[in-house]
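The values are calculated or read from the model by the stated rules, or taken from the named source; none is laboratory data. Just so we're clear, the structure is a prediction, and the values are computed from it rather than from any experiment. Here the Cβ is made from the backbone with ideal geometry for all residues, glycine too, and neighbour counts use every protein chain on show. Heavy atoms of the whole protein, side chains included, go into the accessibility calculation; ligands, DNA and RNA do not. Shrake-Rupley method; radii C 1.70, N 1.55, O 1.52, S 1.80 Å.
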Amino acid sequence: MTRRFTAGLCMALVALLILFDQAETPLNPYHAPPAFAFGSGQVVTGGFCAALPQ
Amino acid sequence: MTAATTEIAATRGAVPKRVALVVGALVLIAALSLFGGLRYGLLLAVGLGIGITFESLRFGFAGPWRAMILRREPAGLLAQLLAIALVSVVAFPLLAGHPGELSGAAAPIGWAMIGGAFVFGAAMQVVLGCGSGTLVNAGSGNPVSLLALPFFAIGSFVGAYGLIWWTSLGALPVLVLSGTGGLIVTLAGLAVIAAVALALATPGTRRIPGRLVLAAVLLAAFAVANLVISGQPWGVVYGLGLWVAKAAVAAGADLSSSAFWSAPSNAALVHQSLLTDVTSLTNLGLIGGAFLVAAWRQGGLSQPLPKLPARAWVATVVAGFLLGFSSRLAFGCNVGAFFSGVSTGSLHGWVWFVAAFAGAFLGIRLRPVLGLEART
């Protein structure tokens with residue numbers, strides 16, 4: 001067995017994750033944020049490893 | 001058929017495959033931009049770029065630390081420091097000029113944070129994959145990283161679940177270097193580490209190969225792009241925990257008893273698409289970028305899988321969980337805490353580096369004991 005199997009398995013799992021995600025919470029292009037946070041005037045709200053919840 | 005004819009045939013066969021890989025990646029970016037928003041498509045592209053950089057130029061964190069500790073070869077570590085310095089030169093002025101739109105990787109130094117960084121440093125040497133490295137290695141078909149990754153995600157979810165309690169064990173206020181003075185101190189600190197590494201280096205190893213210089217420059221460019229596009233620095237661990245949180249909620253779990261996951265900002269993200277979460281997008285990009293490079297290379301996926309003893313696979317599961325759990329307590333892994341923390345002025349990034357590097361000595365000793373150095 002080679003890495004072809006494990007790499008393929010990895011990509012299949014990623015595809016499953018995205019399919020599950022889209023079944024649960026589909027994307028909504030009408031809620032899209034500005035392309036760049038820089039210059040948007042909006043406060044950053046994304047989740048990040050270093051951030052403690054307020 | 002001669003060897004030369006076989007090689008020509010293989011090269012001809014590789015061209016349509018490579019075209020398909022590039023077209024596939026572009027289609028995914030375009031589809032996400034169209035159905036989710038341009039920001040998300042750009043972040044996926046950034047993640048793909050980072051994954052391609054890591055895999056094609058053999059840039060990493062765990063391997064270079066091992067090389068420095070075992071063989072006193074500082075090239076990889078110096079490349080990391082170079083990348084961090086390049087990001088900080090751009091990020092410090094950006095953060096100072098746009099305090100609401102952009103945020104750094106600021107986190108408090110505390111007992112759990114230091115302990116978490118030490119454990120992370122040990123665990124990343126056991127599986128020879130850090131936060132970014134585990135994603136990249138899994139994408140290129142490394143079976144150890146592929147097994148570690150889901151447990152990394154579970155550990156990240158569990159660590160975040162009790163993060164507030166762990167932090168209450170004792171932590172300083174958030175300490176951040178900022179402005180020109182902060183940038184000078186940061187660059188000086190990086191120079192001191194580089195000088196120590198060079199002083200300890202084995203003669204003849206005191207230079208950074210061109211491929212690692214290129215990787216450092218590219219990585220810095222992608223990290224700055226991540227900051228400008230998303231408003232936050234490059235991270236890994238949050239997204240992995242979010243994947244498990246989302247699955248847990250879908251399975252009927254109630255996360256209201258977790259101060260972390262029930263906080264409004266996190267609860268909102270659990271109920272949104274992962275394709276709108278910054279760290280999830282770049283994580284997926286890292287996996288995909290590494291896969292692209294491995295599939296692109298002639299024979300890149302034909303490497304046989306290693307034959308490891310059962311204890312090695314058990315150790316991989318445990319180490320994978322510890323990678324996720326400890327990096328949440330430490331407010332990030334080698335990316336969120338060390339790379340992004342230091343490059344955006346958070347002092348916890350410096351403490352993380354010292355604690356994790358100390359842990360790496362333990363991890364290097366544990367790796368052969370746990371049977372993870374067997375080869376085919």
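Values as computed for the structure displayed
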| quantity | calculated |
| --- | --- |
| The stretch B:251-334: C-alpha gyration tensor shape, a/c 1.5 cut-off, then a/b vs b/c | oblate |
| Most fluctuating residue given options B:ALA355, B:ALA251, B:ALA191, as computed from a GNM of chain B linking Cα atoms under 10 Å | B:ALA251 |
| In the B-A interface, the accessible area buried, summed over both sides, Å² (probe 1.4 Å) | 4500 Å² |
| Whole-Hz couplings from phi, Karplus 6.51/-1.76/1.60, listed for the stretch B:336-348; x for Gly and Pro | x, 8, 6, 4, 7, x, 5, 6, 10, x, 6, 5, 5 |
| Rh by Kirkwood over Cα pairs, then Stokes-Einstein D for chain A at 0.890 mPa s and 25 °C, µm²/s | 164 µm²/s |
| Modelled FRET efficiency - R0 30 Å, B:TRP165 with B:ALA268, Cβ distances, 0.05 increments | 0.85 |
| Calculated from backbone phi, Karplus (6.51, -1.76, 1.60) coupling profile of the stretch B:167-177 in Hz, x at Gly/Pro | 5, 6, 5, x, 8, 7, x, 5, 10, 10, 7 |
| Computed lengthening from B:ARG58 to B:ALA14, 0.36 nm per intervening residue step minus Cα-Cα distance | 13.7 nm |
| Percent accessible area from carbon and sulfur atoms, the protein assembly as shown, protein chains only, probe 1.4 Å | 72 percent |
| A:PHE20/B:GLN303 FRET efficiency (R0 25 Å; Cβ-Cβ; nearest 0.05) | 0.25 |
| Peptide B:262-272, shielding by other chains (average Cβ, 10 Å cutoff) | 3 |
| B:LEU214-B:TRP111 pseudo-label distance in nm [points 7 Å out on the Cα-to-Cβ vector] | 4.9 nm |
| Amide H contacts under 5 Å for B:ILE109, placed H, 5+ residues apart | B:LEU172, B:LEU175 |
| Peptides B:284-294, B:37-47, B:88-98 ordered by average Cβ neighbours within 10 Å, highest first | B:284-294, B:37-47, B:88-98 |
| Accessible area expressed per residue, the protein assembly as shown, with surrounding protein chains retained (probe 1.4 Å, Å²) | 40 Å² |
| Linear extension gain, B:VAL192 paired with B:ALA251, 0.36 nm per residue minus alpha-carbon span | 16.3 nm |
